[in-house]
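S.K.: Dropping a structure here in structure tokens format, bear with me for questions.
The values are calculated or read from the model by the stated rules, or taken from the named source; none is laboratory data. Please read all numbers here as calculations on a predicted model, not as lab measurements. Ideal geometry is used to build each Cβ from the backbone, glycine not excepted, and the neighbour counts take in all protein chains shown.
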Amino acid sequence: MSFPTLRAFRALFDADDRACFCADGHAPALADSRSNVSWRSARLARAASVAAALSLTAVLTAGFVAAPVADAKTPQPKAALDASAVAVPDRYAADTAQQIFAAGGNAVDAAVAISFTLAVTYPDAGNIGGGGFMTLYVDGKPYFLDYRETAPQRATRDMYLDEKGNVIPGLSLVGHRAVAVPGTVAGMWEAQKRFGKLKWKQVLAPAIKYATDGFTVDAWLQQRRDLAAKGFAGKTNFDAYFSNLKTGVVFRQPELAQTLSRIAADGGREFYEGQTADLIAKQMYGHGLITKTDLVQYKAVWRQPLAADWNGYRIVTAPPPSSGGIGLIQMLKMKADLKPQFDGLALNSEPYIHLIAQIEDRVFADRQQYMGDPDSYRVPVDRLIDDAYLAKRVEEITPDEVLGAASVKPGLGDSMPEKAQTTHFSVVDKWGNAVSNTYTLNGPFGSGVVVDGGGFVLNDEMDDFEAKAGVPNQSGVTSGDANTIAPNRRPLSSMTPTILLKDGKVSLVIGTPGASRILTTIFQVMTNLYDFNMPPADALAAMRFHHQLLPQKTIYYEPYQPIDGDLAAQLKARGYTLQGQTFNGDVQMIRIDGTTPQPAADPRGAGVGRVIQ
Ligand code: DON
């Protein structure tokens, strides 16, 4: 859809609840004073608008109302695809997307609505108290939105060390001090304001309905809750809000419904400047570091997406503060460079796994040395994905040698089982727009701290910083000076929401949770699709493994398809240690075949792929 057409749609809706738009229909690149203007005027009309939101909720409680988005005279943009489609981690999110598309929304409206819905129905990873990344392709142009959390202003480099300089176990994972300033609401507000067609209130309505009316808890969610609750017991107020998350129960979240209604009525800045901000600051007071000033100053950032050519496709993916995009491109290019060695090797055979592990050693060596928040550290992005650099890197790889951390160094010069939770969803609309979104609380249910009166959990994203040189975080990865704790800094991430283009059209939308496993998972699924020509379902179902430099010579396998028998024996004979892990991704992807979207959800999870006419 062209921007003039988008403008025509917007004109119908913008008057009451939006910031002004630039002449070309774009909101400013960074959140700026305009959103504050919008917020302040909204605050003046507060009483009326909250009442309006609540009455809207009441209407929606009776069933989502599909609002018309254009009158008969509005020119309809030409459809690029046969249908819209989503791949999402639960069925509630799929239903939300269906409602949003029925109301005339585009992929960005659907993505924002899905993300608020998952904050209600997938509360261990879906969130408003965390952060994430969104890669978009809208009207033929790529965009990247960074709504990663930031360290609070009072954060200090050694805040997780005791007087002897040792890391205090758990302090960056559980409780108030683990929490970084949340970015999700600012991100959703920015994305919808810039590209959405529907009213902001419309995209929040399905989430408010699920929070008000409740949703039915499945056994898997209860299992995840029970596990998390053990870690929070006696340390946080988690159980006061989530003890009733039991199989078969219709779980209602009235405080969360009110929070979402305030955000719906007053706009995204309400979370950072309004009553919700007050509730967060109150929750933190005396226990954590976040203040109202941290919240007021938080901004989501539009960044240049990372892009590279590979195998006839254009990859559009996550730049720093993600390490994922760089790592994914490095792996794909190094594998292509090693074509003669890979030729004839069966997928996931012993020599195949060995070669991939050697590639991964190099990726993670570079990750730990060179990557961090690009606003405070110059990440040598171009050099790290440069063809000549990577061609030189693969020259070090010899088929007969098991390399480990001791010998693999960063290339430009000088564990443990995974504790989930993050989630990913992919969306395309019939106009050919796409959204790839990964967002997270970091650990399951984040820090376990619930905002009293707000009804939502806060993240434990501070664990993604380097607490002490050489000490791995919960994903078992170390990082360097580029990722030390400093006020306002964004912690290094592995989230890699990715879009592949072919001749300027969307060909694949893909992403997954899994922390450091994210990039190796996406790499494996893309390899299955494009190097082994597997259909999407097979590409997802194939066995996956993980290797990341540290611990040395360790190959992780998954319960879904363990490495055993001859393969295990061969890898051990080569010198590898095999280690099980509980989790190896939950990929949600959409492949486009001609003009037909083919959504596919990972068989490891409870995701749903749905084509929406
Ligand atoms: O940003 C990151 O890389 C991590 N906080 C993501 C954590 C994660 O994916 C855990 N979920 N499975």
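S.K.: If Asn127 passes every condition in (1) among the polar types (S, T, N, Q); (2) under 24 Å from Arg252 (Cα atoms); (3) over 19 Å from the mean Cα position of the chain (by Cα); (4) in a loop (DSSP other than H, G, I, E, B) but one, which one does it miss?
M.R.: Every listed condition holds for Asn127 apart from (3).
S.K.: Further question on the same structure: If you scan the range 441-471, which residues turn out to be part of a loop (DSSP other than H, G, I, E, B), within 16 Å of the ligand (Cβ to nearest atom) and not charged (D, E, K, R)?
M.R.: Of the range 441-471, the ones part of a loop (DSSP other than H, G, I, E, B) are 441-449, 451-456, 458-460, 465, 467-471.
Narrowing further to those that are within 16 Å of the ligand (Cβ to nearest atom): 441-448, 458-460, 465, 467.
Correct list: Leu441, Asn442, Gly443, Pro444, Phe445, Gly446, Ser447, Gly448, Leu458, Asn459, Phe465, Ala467.
S.K.: Right, another one. Please enumerate the residues belonging to the range 511-536 that are within 13 Å of Ile590 (Cβ to Cβ) and within 15 Å of the ligand (Cβ to nearest atom). Step through it out loud before you land on a result.
M.R.: Start the filter on the range 511-536 by keeping residues that are within 13 Å of Ile590 (Cβ to Cβ), which leaves 511, 525, 529, 536.
Matches in the range 511-536: Gly511 only.
S.K.: Continuing with the same structure: Does Ile356 meet the test of being β-branched (Val, Ile, Thr) and out of contact with any Leu (no Cβ under 9 Å at 6 or more places or on another chain)? Quick ask: steps written out before the conclusion?
M.R.: Details: β-branched (Val, Ile, Thr): yes; out of contact with any Leu (no Cβ under 9 Å at 6 or more places or on another chain): yes.
Taking the combined requirement at face value, the residue satisfies it.
S.K.: Now for a separate question. List pairs: first residue in the range 161-189 and farther than 30 Å from Val435 by Cα, second residue acidic (Asp, Glu) and at pLDDT 95 or above anywhere in the structure, Cβ distance under 7 angstrom, at least six positions apart or on different chains.
M.R.: Note: pairs meeting the criteria are Ile168/Asp162; Ser172/Asp460; Ser172/Asp463; Val174/Asp460.
S.K.: Let me ask something else about it. Going residue by residue through the range 154-167, is there one that turns out to be closer than 22 Å to Ser493 by Cα and of a type in the set (Asp, Glu)? So that I can check it myself, show each step before the final result.
M.R.: Step one: list which residues in the range 154-167 are closer than 22 Å to Ser493 by Cα, which gives 154-161, 167.
Cutting the leftovers down to of a type in the set (Asp, Glu) gives us 158.
Checked the range 154-167: at least one residue is closer than 22 Å to Ser493 by Cα and of a type in the set (Asp, Glu).
S.K.: With (1) within 24 Å of Ala93 (Cβ to Cβ); (2) more than 16 Å from the ligand (Cβ to nearest atom); (3) modelled with pLDDT under 95 as the list, and Gly585 as the residue in question, which single condition is left unmet?
M.R.: (2)
S.K.: Looking at the range 539-552, which of its residues are touching a helix residue (DSSP H, G or I) at 6+ places or on another chain (Cβ under 7 Å) and either outside any loop (DSSP other than H, G, I, E, B) or within 15 Å of the ligand (Cβ to nearest atom) (or both)?
M.R.: Residues satisfying the conditions are Ala539, Leu540, Arg544, Phe545, His546, Gln548.
S.K.: Here is a check on your reading of the model: is Ile499 in contact with a helix residue (DSSP H, G or I) (Cβ under 7 Å, 6 or more places away or on another chain) and either within 15 Å of the ligand (Cβ to nearest atom) or under 26 Å from Gly609 (Cα atoms) (or both)?
M.R.: Working: in contact with a helix residue (DSSP H, G or I) (Cβ under 7 Å, 6 or more places away or on another chain): no; either within 15 Å of the ligand (Cβ to nearest atom) or under 26 Å from Gly609 (Cα atoms) (or both): yes.
No, not satisfied.
S.K.: Which of the following residues is in a helix (DSSP H, G or I), more than 21 Å from Ser475 (Cβ to Cβ) and within 24 Å of the chain's Cα centre (by Cα): Lys333, Lys299? Lay out the reasoning, then the answer.
M.R.: Values: Lys299 fails: in a helix (DSSP H, G or I).
Within the list Lys333, Lys299, the selection yields Lys333.
S.K.: Would you point out which residue out of Leu328, Leu412, Leu384 is modelled with pLDDT of 95 or more, over 30 Å from Ala87 (Cα atoms) and touching a Leu at 6+ places or on another chain (Cβ under 9 Å)? Break it down into steps so the answer makes sense when it comes.
M.R.: Values: Leu328 fails: over 30 Å from Ala87 (Cα atoms); Leu412 fails: modelled with pLDDT of 95 or more.
Just a single option satisfies the conditions, and that option is Leu384.
S.K.: Further question on the same structure: Within the range 303-330, how many residues are surrounded by 21 or more Cβ atoms within 10 Å (Cβ to Cβ), of a type in the set (A, V, I, L, M, F, W, C) and either more than 16 Å from the ligand (Cβ to nearest atom) or under 13 Å from Leu145 (Cβ atoms) (or both)?
M.R.: 4
S.K.: Checking the structure you have, find out if any residue of the range 415-425 is in a helix (DSSP H, G or I) and at pLDDT 95 or above. Explain how you work it out, then say what you get.
M.R.: Going residue by residue through the range 415-425, those that are in a helix (DSSP H, G or I) are none.
No, the conditions are met nowhere in the range 415-425.
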